[in-house]
1. Can you sort C158, C8 by how many other beta carbons sit within 10 Å, fewest first?
2. Ranked by Cβ crowding within 10 angstrom, fewest neighbours first, how are I186, I248 ordered?
3. So for E176, E237, E82, fewest C-beta neighbours within 10 Å to most, what's the order?
Amino acid sequence: MGLFALLCACIALQGTHPWLVWVRAFAEAGTVGAIADWYATVALFRHPFGLPVPHTAIIPRNQQRIAARFGEFVEVNFLKPEVIVARLREHNAAKAIALWATDRANSNAVVDALADSLPAWLDEIDDADVERFLDLSVVPELRTFDVSRVGGTLLRLCIELEKHQPLLEHGLRVFEKWLTSHVDLIAAKFSEASKFTPAMLDTYIVGRFVNGVVALLHEAIERPDHELRRQFGDAIEQLIVRLRTSSIHRRYGRLLLRDCLRHVRRRGYHRVLLRYVRTRVAADLNGKRSLLRNLAAGTLISVGKRVAGAPALQHKLNEWWLEVAYQLVIRYRHPLSTLISEVVNGWSAREVSRRIEAEIGHDLQFIRVNGALVGGIAGVLLHAITML
């Protein structure tokens, strides 16, 4: 508008001021240049003055083609697996993550995020799914479990660690306690078996018998080399051999395990187990000193320190991560480009034009200004050439 006003002023005053011919040449060419650039920029986004002039509203009219080409452009130039992997390879992601995890605050943040969601995940587990998992995965393995051999192995471990002697001592003390608290019952049973002896004699005999047994028990408890201890060890050794080799014990173990599985299924212990896990996990996570939180955070810190100090391990983790990234890009590059095309194509033509014009509107204004200046300068040069 300023150039057009200048042009009008030059036309009006040129008769009295001949030198304005040069300004007029600038104003005329600049006005034409500004109008031409305005028309060109407007024609990209809409019809000038709403008139359906051919080859205008280029962006709205070619929206589908632009959307398809834009998605293809992103896929070919930005979603190339080699390009992405090459950029990712510049960074030691394993070391960076490991160092980040060694910070207690960061590890606690990760654990808190997972812990806050864990009770909800457990609540989403269906009882029927747990029962089906146990029936398909756990129960078949347990049916082939050799209880007898495992029992023999555990007993062998107890002997090697010398844990069977404390068990014997505990049993002897329990037996002593039972004897001393049931003397009257033993005397009564003895009297029933010995009908021809006086009751006082029965009581005396039983008392002497109990005292002798108690003294024997004390000797066995106090003396590590007592004969009773040796006999107990020999009996366990014999039992271990039978548990490991006897087909009778093996069959009995399988029958016992089968009965236990039937009892567990009949009682619905899968529901009890799931309920117990939910309750214990929720109670621990909501406590002031959560064992699960501390254990998980400590594990993250320990793993982070281990990885941060092992370059070879970092290399392996980075190679694994890059391979995963490579495969993900190959698998999803085309769906991503298709998604971009669909999103752009789903916009209304007016919306597409408005968004693009809003993003580059400032530059469009400078294009018009530059067009006016370039046109004006060209007009002055042409007038000078004409005069020459």
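1. C8, C158
2. Going from least to most buried by this count: I248, I186.
3. The order, fewest Cβ neighbours first, is E82, E237, E176.
No value in this document is a laboratory result; all are computed from the given coordinates. Values in this document were obtained by computation on a predicted structure and should not be read as measured data. Neighbour counts are summed over all protein chains in view; Cβ atoms, including those assigned to glycine, are modelled from backbone coordinates with ideal geometry.
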